[in-house]
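Chemist: One structure is given below, represented as C-alpha cells, and several questions about it will come after.
The values are calculated or read from the model by the stated rules, or taken from the named source; none is laboratory data. Given the structure is predicted, the values throughout are model-derived calculations rather than measurements. Cβ atoms come from the backbone with ideal geometry, glycine included; neighbour counts cover every protein chain shown. Areas reflect the complete protein model, heavy atoms only, side chains present, ligands, DNA and RNA absent. Shrake-Rupley method; radii C 1.70, N 1.55, O 1.52, S 1.80 Å.
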Amino acid sequence: MKRILTYGTFDLLHYGHINLLRRAKELGDYLIVGLSTDEFNAVKHKEAYHSYENRKLILEAIRYVDEVIPERDWDQKISDVQDNDVDIFVMGDDWKGKFDFLKDYCEVVYLPRTVGISTTKIKHDLFSVKNG
Ligand code: C2G
C-alpha cells in the first residue's frame, strides 16, 4: 500500500491539475492532497477564486484523490510525511529541487508540468474576452 502526498492550491481546476493528480496516483495506491488554506494562499501571494471548503469538495470528487488535508504553512511537510506514513512525495517540476529535504523521509518525485494551462492563464484569458 504505497501512500502518495502532494500539495497545491488547485483553484479553477483544470486538466494540468488532473494530469498531475492522475500521474501521482499511478505511482502508488493512496493519494493524499495537502490543500492550501485561504490563509496560506495569502502567504503564497495567491488569492483563490474558490474557498478552501469548495476547493476541498471539488478535489474529493476526483477519482484519483483519496484524502484531502489542509496545508497551513511551509513547515508542515516533514510531519505530514511522517504522520501519514507517506512513501512518495510528488510535485510538478516547477518546484524541482525545492523539496529535496524530504528525501531523508520519503521518495521525492517531480513530474513535468502540463504545458499551456494554468489558473493564471484562465483568469487572464477570461478577462481579455470580457474586456475585448
Ligand atoms: N501543475 C501542473 N501543470 C500545470 C499547472 C499545475 O502539473 N499546468 C501542478 C503544479 O506543479 C502543482 C499542482 O499542479 O504540483 C498544483 O498546482 P497549484 O495549485 O498551482 O499549486 P502551487 O500553488 O504551486 O502550490 O507547498 C507547495 C505549494 O502549496 C504548491
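Chemist: Would you mind checking which residues have amide H under 5 Å from Glu71's amide H? H placed 1.01 Å from N; only 5 or more apart, or other chain.
Modeler: It is Leu35, Ser36, Thr37, by chain and number.
Chemist: While we're here: Can you work out the Karplus-derived ³J(HN,Hα) for every residue in the range 45-52? Use 6.51 cos²θ - 1.76 cosθ + 1.60 with θ = phi - 60°, whole Hz, and x for glycine or proline.
Modeler: Ordered by residue, 3J(HN,Hα) equals 6, 10, 10, 6, 5, 8, 5, 4 Hz.
Chemist: What accessible area, in Å² to the nearest ten, does a 1.4 Å probe give for Lys121?
Modeler: Surface open to solvent at Lys121 totals about 90 Å².
Chemist: For the range 1-45, what is Rg from Cα atoms divided by 2.2 N^0.38 Å, rounded to two decimals? Don't jump to the answer; show the numbers that get you there.
Modeler: Numbers: Rg = 11.8 Å, N = 45, 2.2 N^0.38 = 9.3 Å.
Relative to the rule-of-thumb radius for its length, the range 1-45 sits at 1.26.
Chemist: So for His124, His50, what's the accessible-area order with a 1.4 Å probe, most first? Working shown, then result.
Modeler: Working: His124 115, His50 55 Å².
In descending accessible area the options line up as His124, His50.
Chemist: Another question, if that's okay. Averaged per residue, what accessible surface does the range 9-73 expose to a 1.4 Å probe, in Å²?
Modeler: Spelled out: the 1.4 Å probe surface of the range 9-73, per residue, equals 52 Å².
Chemist: Taking N as the number of residues in the chain, what value does Rg over Cα atoms divided by 2.2 N^0.38 Å take? Intermediate results must be reported in sequence, preceding the final value.
Modeler: Details: Rg = 14.8 Å, N = 132, 2.2 N^0.38 = 14.1 Å.
This ratio for the chain stands at 1.05.
Chemist: What is the list of residues in the range 97-111 whose amide nitrogen lies under 20 Å from a point 7 angstrom out from the Cα of Lys44, following Cα to Cβ?
Modeler: 97-103, 108-111
Chemist: Using the Karplus curve 6.51 cos²θ - 1.76 cosθ + 1.60 with θ = phi - 60°, what ³J(HN,Hα) values do you get for each residue of the range 112-121, in whole Hz, with x for Gly and Pro?
Modeler: x, 5, 7, 6, x, 9, 6, 4, 4, 5
Chemist: Once Lys and Arg get +1 and Asp and Glu get -1 on their Cβ, which of His124, Ser79, Cys106 lies farthest toward the positive end of the dipole of the range 76-132?
Modeler: Projecting each Cα onto the dipole axis, the largest value belongs to His124.
Chemist: Ordered by residue, what ³J(HN,Hα) values in Hz, to whole numbers, does the range 91-100 give under the Karplus form 6.51 cos²θ - 1.76 cosθ + 1.60, where θ = phi - 60° and Gly and Pro are x?
Modeler: 9, x, 6, 5, 9, 3, x, 5, 10, 5
Chemist: Additional query: Once both labels are modelled 7 Å past Cα along the beta-carbon direction, what's the Arg22-Asp83 spacing in nm?
Modeler: Reported label-point gap for Arg22 and Asp83 is 3.2 nm.
Chemist: Percent of accessible area on the chain owned by carbon and sulfur, 1.4 Å probe?
Modeler: That share works out to 53 percent.
Chemist: Roughly speaking, what is the stretch gain from Ser51 to Lys121, that is 0.36 nm per residue apart minus the C-alpha to C-alpha distance, in nm to one decimal? Before the final figure, lay out the partial values.
Modeler: Details: separation 70, 0.36 × 70 = 25.20 nm, distance 1.93 nm.
Stretched out fully, the Ser51 to Lys121 stretch lengthens by 23.3 nm.
Chemist: In debye, nearest 20: dipole of the range 58-132 around its Cα centre with unit charges on the Cβ of K, R (+) and D, E (-)?
Modeler: Details: 10 positive and 16 negative charges, 147 e Å.
Value, rounded to 20: 700 debye.
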